[in-house]
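The values are calculated or read from the model by the stated rules, or taken from the named source; none is laboratory data. Because the structure is predicted, anything quoted here is derived from the model rather than measured. Cβ sites come from the backbone with ideal geometry, for glycine too, and all protein chains shown count toward neighbours.
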Amino acid sequence: MELKRTPLEREHLSLGAKMGEFAGWSMPIEYEGTLKEHRAVREDVGIFDLTHLGKIDVQGEGAGGWLQRVLSNDLEKVGVGGAQYNLVLTDDGGIVDDVIAYRLAERDWLVVPNAANTSAVLEALRAETRADVVVNHRPDLTTIAVQGPRSIDLVTPLVPEVSSLASMACTTGTYREAAFPVARSGYTGEKGVELFAPEGIAPALWRDLVEAGAVPVGLAARDTLRLEMGYALHGNDIGPDRDPVEAMLTWACALDTDFVGRDAVAKAKEAGPARRLRGLRMRDRRIPRPHQDVYRGEERVGETTSGTFSPTLKIGIAMAYLDADITPGDTVGVDVRGKRGEAEVVKPPFVDASPK
């Protein structure tokens with residue numbers, strides 16, 4: 001299958017990016033090194049091409065009501081200009097995807113799913129034909145994320161509307177007389193914005209942001225940044241075989257509303273999970289990776305789902321599904337390539353960061 005191409009590919013290649021396949025797209029994995037790019041976001045400002053993410057418009061008189069049927073959180077809490085983390089679930093409570101829903105206007109929503117799940121989320125949103133709801137995929141939008149302590153100051157001269165945005169808020173921004181959605185959101189734990197720019201102006205916007213000082217960052221550093229925050233990654237930490245209770249995501253499920261999978265989540269919450277998603281902080285030099293066994297003594301009690309070296313902490317960290325009786329503060333062993341490493345069970349985030 002031919003890979004999809006971002007409108008910014010020429011920009012990436014001119015910057016020496018190492019390109020690779022991700023979710024059916026050719027995307028920049030790194031430019032000058034993951035550690036350097038990671039530090040740029042934590043200490044200054046980085047820029048990401050996230051065009052592989054889905055962009056779905058849901059519009060019309062019945063848009064909010066229909067979304068409430070498909071998404072797990074309480075959308076009535078989202079006013080115009082707000083945004084909210086949500087799950088899309090199967091009837092039995094499995095996690096189809098996690099998404100952000102942005103309310104751009106009274107009857108206009110933008111839903112952003114993960115790249116690999118765009119088709120599945122589109123299918124869920126188009127599951128019922130309604131005259132009062134229009135669902136459109138928006139592949140014409142290029143997603144540029146600017147993240148880091150200096151991000152707002154850097155973007156404001158180019159897109160002035162971002163200066164007044166609070167965390168998890170959205171509005172219409174302008175650049176070169178083009179209007180498009182902008183939001184104070186991201187996947188790094190740092191202050192930042194996401195710009196959903198039309199592909200015709202996206203290369204110029206990218207170049208202007210880089211010239212202003214934003215460090216280009218690839219998907220490798222995006223993964224280390226999100227893992228330091230303990231943000232779940234679909235396909236690793238969550239998926240159709242996991243429910244929100246064991247994934248510690250019931251906070252994103254408004255059980256007093258009616259959404260697909262609601263009854264299954266309520267039942268799972270009442271029963272209690274056999275395992276829960278926890279954080280692991282290594283106490284030695286071993287670096288955990290996904291799908292490694294976790295032990296309490298000689299008893300296997302779980303498996304890692306994500307794992308990496310934390311550039312901020314200079315140690316190995318991981319996410320893992322562990323037996324429910326294992327709690328933060330406990331000590332476990334992780335089988336790292338046949339050798340047992342010691343880890344402390346912790347409640348993420350692993351680092352002190354805040355997007356506010």
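This table checks each residue for (1) over 20 Å from T257 (Cα atoms); (2) in contact (Cβ under 8 Å) with a residue 24 or more places away in the chain; (3) assigned to a loop (DSSP other than H, G, I, E, B).
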| residue | (1), (2), (3) |
| --- | --- |
| W66 | no, yes, no |
| A83 | no, yes, no |
| N86 | no, yes, no |
| D92 | no, yes, yes |
| D97 | no, yes, no |
| A101 | no, yes, no |
| W109 | no, yes, no |
| N117 | yes, yes, no |
| I144 | yes, yes, no |
Checklist entry - Taking region 286-333 as the region of interest, how many residues are among the basic types (K, R) and within 30 Å of K36 (Cβ to Cβ)? => result 3
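Do we have V121 as among the β-branched types (V, I, T) and under 30 Å from D243 (Cβ atoms) here? Steps first, answer last, please.
Details: among the β-branched types (V, I, T): yes; under 30 Å from D243 (Cβ atoms): yes.
Yes: the conditions hold for V121.
When you go through V336, V345, V332 one by one, which is the residue that is over 18 Å from R276 (Cβ atoms), among the aliphatic types (A, V, I, L, M) and modelled with pLDDT of 95 or more? Please lay out each step first, then the result.
Values: V345 fails: over 18 Å from R276 (Cβ atoms); V332 fails: over 18 Å from R276 (Cβ atoms).
After applying the criteria, what remains is V336.
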Checklist entry - Across region 201-258, what is the total count of residues that are outside the structural domain of A179 (by TED's automatic domain parsing) and free of Cβ contacts under 8 Å to residues at least 12 places away in the same chain? => result 1
Checklist outcome for this item: Filter region 12-31 for residues that are touching a residue at least 40 places away in the same chain (Cβ under 8 Å) and in a loop (DSSP other than H, G, I, E, B); the one that is nearest to A221 (Cα to Cα) is Y31
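Looking only at region 306-335, how many residues end up being part of a loop (DSSP other than H, G, I, E, B) and of a type in the set (D, E, K, R)? Working first, answer last.
Here is the first cut: in region 306-335, the residues part of a loop (DSSP other than H, G, I, E, B) are 311-314, 324-330.
Keeping just the survivors that are of a type in the set (D, E, K, R) gives 314, 325, 330.
Residues flagged as part of a loop (DSSP other than H, G, I, E, B) and of a type in the set (D, E, K, R) within region 306-335 amount to 3.
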Next on the checklist: Just to be sure before I move on: is D74 closer than 30 Å to V351 by Cα, buried (at least 22 other Cβ atoms within 10 Å of the Cβ) and of a type in the set (D, E) in the structure I sent?
Outcome noted: no
Checklist outcome for this item: Over region 248-272, the set of residues in a helix (DSSP H, G or I), of a type outside the set (G, A, S) and more than 19 Å from D325 (Cα to Cα) is W251, R262, D263, V265, K267
Checklist entry - For region 119-132, which residues satisfy the criterion of being in contact with a helix residue (DSSP H, G or I) (Cβ under 9 Å, 6 or more places away or on another chain) and in a loop (DSSP other than H, G, I, E, B)? => result A127, E128, R130, D132
Item to check | Members of region 140-156 that are in contact with a helix residue (DSSP H, G or I) (Cβ under 9 Å, 6 or more places away or on another chain), under 16 Å from A197 (Cβ atoms) and surrounded by fewer than 19 Cβ atoms within 10 Å (Cβ to Cβ) | outcome: T156
Checklist entry - Can you tell me which residue in region 281-332 is nearest to A40 (Cα to Cα), limited to those that are buried (at least 18 other Cβ atoms within 10 Å of the Cβ) and more than 27 Å from the chain's Cα centre (by Cα)? => result V332
Checklist entry - Looking at (1) of a type in the set (S, T, Y); (2) in the same structural domain as L209 (by TED's automatic domain parsing); (3) buried (at least 24 other Cβ atoms within 10 Å of the Cβ), which is the one condition that is false for T34? => result (3)
Item to check | Top-ranked residue of region 168-204 - restricted to ones that are more than 14 Å from A145 (Cα to Cα) and polar (S, T, N, Q), ranked as surrounded by the most Cβ atoms within 10 Å (Cβ to Cβ) | outcome: T171
